[in-house]
Amino acid sequence: MTEKRLIPNTFGIPAHARVYAEYTSLEELRALLQTYKSERLLHIGAGSNLLFTKDFDGVVLHSRICFARALEEDAEGVNIEVGAGIVMDDLIAQVADMGLYGLENLSHIPGEVGASAVQNVGAYGVEAKDVIREVHAVAVESGEECVFSNADCRFGYRDSIFKNEWKGQYIITSVVFHLSKQPQPRLDYGNLRQALAGKEPTPMNIREAVIAIRKQKLPEPAELGSAGSFFKNPIISPEHFQTILQQEQKTEAEIPHFETADGIKIPAAWLIEQCGWKGKRQGGAQVYEKQPLVIVNTGNATAQDIITLAADITESIEKRFQITLHPEVNYI
Ligand SMILES: Cc1cc2nc3c(=O)[nH]c(=O)nc-3n(C[C@H](O)[C@H](O)[C@H](O)COP(=O)(O)OP(=O)(O)OC[C@H]3O[C@@H](n4cnc5c(N)ncnc54)[C@H](O)[C@@H]3O)c2cc1C
């Protein structure tokens, strides 16, 4: 299917693609790449991490490669290959129902399987990279099929090689996940353990607890436009953290922080709240009351409203904490 149309995005910002094309097989994808060889291309999933700043003067591609099949299996676990066009949460519902561990903490994150590898989606102490074995892709330039190992993908915090060195060079067609048959519940993050309230930590019970927590804190895309967390949580040096403690006249216990291999991670939501942004509006864009890391479209926001609000937040945090926030959302 090929036509000019509105590009789906959970922010609910109207933007058109000159051409919008979907495909259901590798052959169709290769044919599209051949047809639009000299065009500007953008491959999207469900548009849940995109901010369209204007119409896209080129070809938007979207995968409808939708299959899931078990590959190798033993007593410990199973490798499952899943088409890039499958909705991630549909997959998680299915494998949780089969009693397989690995993806349940990522329940209810909007988006599709292909993007889960690009973004290395994460929630409640789990990242997609923890269960991704391989990523299958097609090279945009040559149409050649490629298989990448987990190490090849250079996963990082909400990051992978597909967002950096290889940006725009490969289209992910399927992802192989390794899921465990042995109990491997990960409950140490947030109030997941409490939310399970004495229930057995099966993949399905964990999934339901995650969904219940997320529904209390995050906007539902069908009701209120957003792209989830707008900014990444910044990582600063221990010295910088000490300077902030002195400046703010606070103890370590008073500033939420997590030690990581790269430095000290501070929740961006805390920084945003400290600077008084919770609930603040800029045109139709608003800092979400229940979770200040999220910018929502209250109904009629323009991309410029969102850009201005994000820039003002960034500037005030730089001024007060000398920390530069970086967007998690992809500006297009
Ligand atoms: C309410 C809400 C809550 C959210 N919560 C979380 C959360 O808890 N954790 C989290 O990590 N994220 C979260 N997100 C962000 C978002 O769900 C993820 O980033 C998700 O992976 C985006 O998937 P998508 O299919 O919508 O991809 P899109 O937003 O359409 O695309 C994302 C990127 O992937 C690229 N891409 C998409 N498909 C392919 C493909 N097949 N091949 C190559 N490149 C491709 C795009 O070009 C783009 O660069 C949230 C978003 C919302 C709206």
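The values are calculated or read from the model by the stated rules, or taken from the named source; none is laboratory data. Owing to the predicted nature of the structure, the values given are computational and were not obtained by experimental measurement. Note that each Cβ is placed from the backbone with ideal geometry, even for glycine, and that neighbours are counted across all protein chains shown. Side chains included, ligands, DNA and RNA excluded: accessible areas come from the protein's heavy atoms. Shrake-Rupley method; radii C 1.70, N 1.55, O 1.52, S 1.80 Å.
Give segment 107-129 a look and list any residue that's touching a Lys or Arg at 6+ places or on another chain (Cβ under 9 Å) and of a type outside the set (Ser, Thr, Tyr), or say none. Residues satisfying the conditions are HIS108, ILE109, ALA117, VAL118, GLN119, ASN120, VAL121, GLY122, ALA123, GLY125, VAL126, GLU127.
Looking only at segment 166-180, residues that are small (Gly, Ala, Ser) and in contact with a His (Cβ under 6 Å, 6 or more places away or on another chain) come to 1 in all.
Return the total of residues in segment 115-135 being more than 10 Å from the ligand (Cβ to nearest atom) and either without any contact (Cβ under 8 Å) to a residue 40 or more places away in the chain or of a type outside the set (Val, Ile, Thr) (or both). Here the count works out to 5.
Segment 23-139 holds strands (runs of 3 or more DSSP E) entirely within its bounds, and those carrying 1 or more residues that are of a type in the set (Gly, Ala, Ser) and open to solvent by 30 Å² or more (accessible area, probe 1.4 Å) map to 68-73.
Restricted to segment 277-294, and to residues there that are in contact (Cβ under 8 Å) with a residue 60 or more places away in the chain and touching a helix residue (DSSP H, G or I) at 6+ places or on another chain (Cβ under 6 Å), the residue that is nearest to ASN233 (Cα to Cα) is LEU293.
Residues in segment 194-207 that are under 17 Å from GLY125 (Cβ atoms) and either crowded, with 16+ Cβ neighbours inside 10 Å or of a type in the set (Gly, Ala, Ser) (or both): ALA195, LEU196, PRO201, PRO203, ASN205, ILE206, ARG207. Just to check your reading of the model, which residue among ALA212, ALA268 is within 14 Å of the ligand (Cβ to nearest atom), of a type in the set (A, V, I, L, M, F, W, C) and touching a residue at least 12 places away in the same chain (Cβ under 8 Å)? When all the criteria are applied, what remains is ALA268.
If the condition is being more than 8 Å from the ligand (Cβ to nearest atom), of a type in the set (A, V, I, L, M) and within 19 Å of GLY111 (Cα to Cα), then segment 1-50 contributes LEU6, ILE7, ILE13, ALA15, ALA21.
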